[in-house]
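The values are calculated or read from the model by the stated rules, or taken from the named source; none is laboratory data. All values derive from a computational prediction rather than experimental measurement. Because the Cβ atoms are built from the backbone with ideal geometry, glycine has one as well, and the counts that use them run over all protein chains shown. With ligands, DNA and RNA removed, areas are computed over all heavy atoms of the protein, side chains included. Shrake-Rupley method; radii C 1.70, N 1.55, O 1.52, S 1.80 Å.
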Amino acid sequence: MTSKQLYQVQPEDLPKLEELLTKCFSLDPLYEELIPDENVRKRLMPELFTCDMTEFYESCEIFADSKELNGILVVSDETEPYHLLKYYLNDVLASLRTDGYLIKEDHSLKTLFNFILGRDYLNSAWTDQLHQKNRMHIIYLAVDPEMQHHGIAAALVEEAIRYADGHKMMISLETHNPKNVAFYQQFGFKVFGVMEKHFKLKQYCLIREAQ
């Protein structure tokens, strides 16, 4: 994906984005389920998002609403070629780092077990059912809670849609917050399926066909 409207994140921006994601997802149903201990969650989430941003900067596109970084959009363009070995190594290293963080912050290994059990909530494997390679996947869409209701999330989604429609691409994403479903539906997204596996947590899988 490319954009003339959004700010493309630079390496020096990553620490601020890690703080933003921690703030945005501190009460997200997914992380509350996987990391039920609030104290462990507070310690662990910054490290998890540090790992995520390092991996995604190498393999995805990361945009923000502006240099102020009030909102973030992380997308994976499934049409773009990548070096398979490099992608695999980045994924393996990220998994090893994540497992290390989980063990360090919770010696009981309960959190590690939850992440293993909940891997289908984390890996977007459901998109294999779409059989659609001309597709963009939204990994993260987040807006600073203090800046919400200012149209930032809508602007980020609309820019992704503009690019996708211009290239006849499907967009896929998942959310674990039922309140988000209606927000995406107003942009033409439809619920492809709802997953509930091992946890009392629903993952809403949404797609938007190219217009």
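Overview of values
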item	result
Selected from 128, 65, 106 as most flexible by GNM, with the chain as the system and alpha-carbon contacts under 10 Å	128
Lysines whose Cα lies under 21 Å from that of residue 110, excluding same-chain neighbours fewer than 8 positions away	42, 197, 200, 202
For the stretch 112-211, size of Cβ-based charge dipole, Lys and Arg +1, Asp and Glu -1, in debye	320
The stretch 123-167: C-alpha gyration tensor shape, a/c 1.5 cut-off, then a/b vs b/c	oblate
Cα gyration tensor shape of the stretch 1-64, rounded if a/c is under 1.5, else prolate or oblate by comparing a/b with b/c	prolate
Area accessible to solvent at residue 79, 1.4 Å probe radius, in Å²	70
Where labels lie 7 Å past Cα in the beta-carbon direction, separation of residue 128 and residue 146 in nm	4.3
For the chain, share of DSSP beta bridges that run antiparallel, in % to the nearest 5	85
Sequence of 196, 47 from largest to smallest accessible area, 1.4 Å probe	196, 47
Signed unit charges on C-beta, dipole axis of the chain, positive-most listed residue 8, 195, 54	195
